[in-house]
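Written below as structure tokens is the structure these notes are about.
The values are calculated or read from the model by the stated rules, or taken from the named source; none is laboratory data. Please read all numbers here as calculations on a predicted model, not as lab measurements. Every residue, glycine among them, receives a Cβ derived from its backbone with ideal geometry; neighbour counts consider all protein chains shown. We work out accessible area using only protein heavy atoms, side chains counted, and drop any ligands, DNA or RNA first. Shrake-Rupley method; radii C 1.70, N 1.55, O 1.52, S 1.80 Å.
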Amino acid sequence: MQGELLALVLLHPEREYGITELANDIGVTPTTVLREVDRLTRGGILADRRVGRSRLVKARTDTPLYRPLSDLMSVSFGPVPVLAEALAKLEGVRRAYVYGSWAARYSGEPGPPPADVDVLVVGDPDADALFDLAEVASRRLRREVNVHRISVEAWEARTDDPFLTSVRERPLVELHLGLGTM
């Protein structure tokens with residue numbers, strides 16, 4: 001949870017997040033986020049300010065810790081917030097998942113660090129826009145991003161397709177697209 005929180009905030013240093021917003025984006029309680037934010041603020045990694053009753057949090061980019069931590073979060077947790085944010089803005093995307101070796105490591109399966117990130121996009125987004133998105137994400141994440149697009153019907157259908165069978169049998173990390181804040 002702390003890694004996901006750090007990735008979300010450090011990889012979007014221009015944004016301020018409310019505690020409830022962070023909790024919703026990460027999928028934990030506001031109390032849990034508040035404890036982590038308190039620790040990270042005391043440690044000089046995050047900055048916070050109050051606006052009325054709300055507490056807003058952002059990355060501290062003025063510290064020597066920011067760049068190395070940001071790089072670490074980009075490599076280890078970065079694909080989830082970076083890809084979710086980018087795909088949420090792309091028309092025609094209904095669902096998206098990270099699969100393959102990155103999803104396996106993220107889910108706790110042992111193995112070597114993944115060299116790339118495989119993304120399954122369910123829907124009918126423009127192929128050129130999807131290619132451009134993968135290129136931008138590859139540069140940002142400093143690793144190749146491979147995007148495979150399938151229709152909603154193909155994803156929901158029973159099939160003997162070897163690719164879909166393989167994807168469905170292995171770990172999948174769903175990208176939460178409706179939040180628009182990741």
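Averaged over its residues, segment 81-161 has an accessible area of 55 Å² per residue, based on protein heavy atoms and a 1.4 Å probe.
How long is the gain from ALA129 to LYS89 if the chain were fully straight, where each residue apart is worth 0.36 nm and the alpha carbon distance is subtracted? Walk me through the intermediate numbers first.
On the way: separation 40, 0.36 × 40 = 14.40 nm, distance 1.08 nm.
My answer for the length gained is 13.3 nm.
Under the convention that each Lys and Arg Cβ holds +1 and each Asp and Glu Cβ holds -1, the size of the dipole of segment 91-182 around its Cα centre is about 440 debye. Each distinct pair of alpha carbons in segment 51-141 adds a 1/r term; the inverse of their mean, the Kirkwood radius, is 15.1 Å. Across segment 5-105, the volume of the C-alpha convex hull divided among the residues equals 123 Å³ per residue.
Amide H contacts for ARG149 (H built 1.01 Å from N in the peptide plane; partners 5 or more residues away or on another chain; cut-off under 5 Å): VAL121.
Placing unit charges on the Cβ atoms of the charged side chains and taking the dipole of the chain about its Cα centre, the candidate lying farthest along the positive direction among VAL28, ALA127, VAL93 is VAL28. Looking only at VAL119, VAL167, VAL37, which one moves most when the chain is put into a Gaussian network model with springs between Cα atoms under 10 Å? Result: VAL167 has the largest fluctuation of those listed. In the chain, helical runs assigned H by DSSP with n ≥ 4 each contribute -39500 (n - 2.57); averaged across all residues and rounded to the nearest 500, the mean residue ellipticity at 222 nm is -13500 deg cm²/dmol.
Relative to its residue count, the chain spans a Cα convex hull of 129 Å³ per residue. For the pair segment 10-36 and segment 140-163, the centres of their Cα atoms are 29 angstrom apart. What you get for the chain, charging only the Cβ of Lys and Arg (+1) and of Asp and Glu (-1), is a dipole of about 1000 debye around the Cα centre. Scanning residues 5 or more positions from VAL117 or on other chains, those with amide H under 5 Å from its amide H are GLU144, VAL145, ASN146, with H placed 1.01 Å from N in the peptide plane.
Between the alpha-carbon centres of segment 114-134 and segment 51-87 there is a gap of 22 Å. Rounded to two decimals, the Cα-based Rg/Rh of segment 119-182, with Kirkwood Rh, is 0.98.
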